[in-house]
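To start, the structure under review is shown below, and the notes come after it.
Every read-out reported here was derived from the displayed coordinates using simple, explicitly stated rules and does not represent laboratory data. Every value quoted in this text rests on a predicted model; they were computed, and no experiment measured them. Cβ atoms come from the backbone with ideal geometry, glycine included; neighbour counts cover every protein chain shown.
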Amino acid sequence: MKKLVYLLFFLCSTLLFSQEKKTDLSSPRATIYNHLHYLQQENYHPKQAAKSLYLKDTSQAEEKAVKLQKIIEGRGLKVDIQKIPNDGNHKDTIGYNIINSYKLFPTRMPEIFVEKRGKNWYYSEETVNSIDKLYNDVYPWYIASVQKIIPAKFGNKKFLGLEIWQHTIGAILTIFIFVFYFLFKKVVYLLLRKGQLILSKRIRIQANDILKQISRTFVLIMIVMILKKVIPSLQLAFSINSVLFLVLNISETIFWIYIFLKIVKYGMRIYEQITLDSPSKLDDQLVPILNKFLKGIVIFVGGLNLLTVFGISFTTVLGAASIGGLAIAFASQDTVKNLIGTFMIFLDKPFQIGDWIETDSVVGRVEEVGFRSSRIRAVDSAIFQIPNSRLSEMIVRNNKRLKTLRRYQTELGVRYDTPPEMLESFIEGVKEIAEKHGNIKRDLINVEFAGFGDSALLILVNVYFYTTDWGKEQSDKHKLHLGILKLANNMGIEFAFNSTTLMIEQFPEKESILPDYKTSSEVELSKRETIDKELF
């Protein structure tokens, strides 16, 4: 009876353990978990892990499953099972085709992804077909040769937790890196220098220091790429691999940011040389603005790329950047408007640095066009800081752009009781003063009795000076004004001012309030003496 009980117990145990383990492939998380979980040392069951691959050949499926796990560990790629979707109907919304698929490492290894077949999820056919190629990339043939040769001579001895062959490859790699760095930085510098010499035939520029910095950093990037290629072959622990790859990826991103910043600096030197050869002074002001703008773009894009190194998906980063950009844009609308105004000023070029301009609110010389505002210095040395958004919309009169002539117009107001013949003689005298000025275009002189003002007879004076310089124009105005004033003083012409005169009947014993004007002959004589002797 006892033997019968033992026999029944043995048969039940055999049937229980002979049953095939139930495999859950109902979601991306379940499939990836089944693959990686059953290849861990404490749960090593490659036949069960191979069920995550859609292959009929069991031995081939096991081989590829093991290789895929080594590829992931060799590249230091960490799989967070909890972040993998557990939805059996998960759809990949990245790209144009929305399908039932999921990529484990969309930026670093997009070749590895799972997809739905019927009711279950498996590694895709593309992933299965690329496993051998990826494995050979991660573990090259020459590393496998070293792994066979060195242990055969020295055995599997360990030192500091690593085997002898790993120390050997590390030493060879260190020597190679030092030799590679000192040789190739010179080669890269010579190539860049040759390109600069070709460019310097058209543009003279001294930028050897920038070329040396670029060449050194570029060689460091090449070394990082070599290390990323070789480190998986050392078969280090996954924890060490993940840290090493994180450091290498961060270093590579920072090196690329540094190179692009230097490229911007080099480009700005070229542009600065072009602006020096250009007659426009506004281009000189654009150099620091463009320099800051391009550096900002490089740092912004580099920062986004750096976030992806820490495992944040590119779509998440891009979405956050878009939302953040909109929030910043709404919060700083004035700054954005001023920035657009700055670009409009540099595109349209309504004025240059040093030009004398007139707007509806300020008159002065342009001293600086900044990233957000422009600085204009008035005649009294006061500085006006005008936002570029406003300045780009203003009506700007650029007196510097006058090619040969500068127009000047004013009105002279004389008293209403001035005799007509004296007024006519005064107008002729002003015309003659303008003609003899020496810096006024004679055939464009207009001095006319323009009309009747509120408190004066108005004389229009419209002339054109032969000058494009503001200071010279003021000197010419001074000379003209002084001549007119002397003429009026000698002729007895009185200028009017805003006033109200109350006229009452004059008594015989009272003196007249009217001015004692000269006779026609006396007026003519005074005019001739003033024009011929005193003015010029």
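By other beta-carbon atoms within 10 Å, ranking Lys103, Lys56 with the fewest at the front produces Lys56, Lys103. In the structure shown, the pairs Lys262/Lys337; Lys78/Lys295; Lys47/Lys70 are assessed against 22 Å; a Cα-Cα span above that value is assigned to Lys262/Lys337; Lys78/Lys295. Placing pseudo-labels 7 Å out from each Cα toward the beta carbon at Lys229 and Ser475 gives an inter-label distance of 7.2 nm.
Full extension of the chain between Ile221 and Ile254 yields a length gain of 10.9 nm, computed as 0.36 nm times the residue separation minus the alpha carbon distance.
Would you mind classifying segment 24-138 by shape? Square roots of the alpha carbon gyration tensor eigenvalues, ordered a ≥ b ≥ c; an a/c under 1.5 is rounded, otherwise it is prolate if a/b is larger than b/c and oblate if not.
Details: a/c = 1.44, a/b = 1.25, b/c = 1.15.
Verdict is rounded for segment 24-138.
The slack in the chain from Asp417 to Leu405, taken as 0.36 nm per residue of separation less the alpha-carbon distance, amounts to 0.7 nm. Is the shape of segment 398-461 best called rounded, prolate or oblate, per the rule: a/c under 1.5 gives rounded, else a/b larger than b/c gives prolate, else oblate, with a ≥ b ≥ c the square roots of the Cα gyration tensor eigenvalues? Note, shape of segment 398-461 comes out oblate.
Order by neighbour count: Ser374, Ser130, fewest other Cβ atoms within 10 Å first, most last. Mind showing how you got there, number by number?
Details: Ser374 25, Ser130 17.
Going from least to most buried by this count: Ser130, Ser374.
Using the beta-carbon distance between Thr23 and Glu367 and R0 = 60 Å, what value does 1/(1 + (r/R0)^6) give for FRET efficiency, to the nearest 0.05? FRET efficiency, Thr23 to Glu367: 0.20. You can think of it this way: the chain between His37 and Phe449 has 137.9 nm of extra reach, that is 0.36 nm per residue less the Cα-Cα gap.
The value of relative contact order for segment 352-400, using C-alpha pairs under 8 Å at least six residues apart, is 37 percent.
Seen through its C-alpha gyration tensor, with square-root eigenvalues sorted a ≥ b ≥ c, segment 352-400 comes out rounded because a/c lies under 1.5.
What FRET efficiency comes out for the pair Asn129/Arg193, r = Cβ-Cβ distance, R0 = 35 Å, nearest 0.05?
Details: r = 45 Å, r/R0 = 1.29.
It comes out at approximately 0.20.
By the count of neighbouring beta-carbon atoms within 10 Å, fewest first, Tyr139, Tyr102, Tyr416 end up ordered Tyr416, Tyr139, Tyr102. In the structure shown, the pairs Lys133/Lys185; Lys83/Lys292; Lys103/Lys212; Lys22/Lys228; Lys91/Lys229; Lys67/Lys116 are assessed against 29 Å; a Cα-Cα span above that value is assigned to Lys133/Lys185; Lys83/Lys292; Lys103/Lys212; Lys22/Lys228; Lys91/Lys229.
Within the shell defined by Cβ-Cβ distances under 11 Å, the residues around Leu458 carry a net charge of -3, with Lys and Arg each +1 and Asp and Glu each -1.
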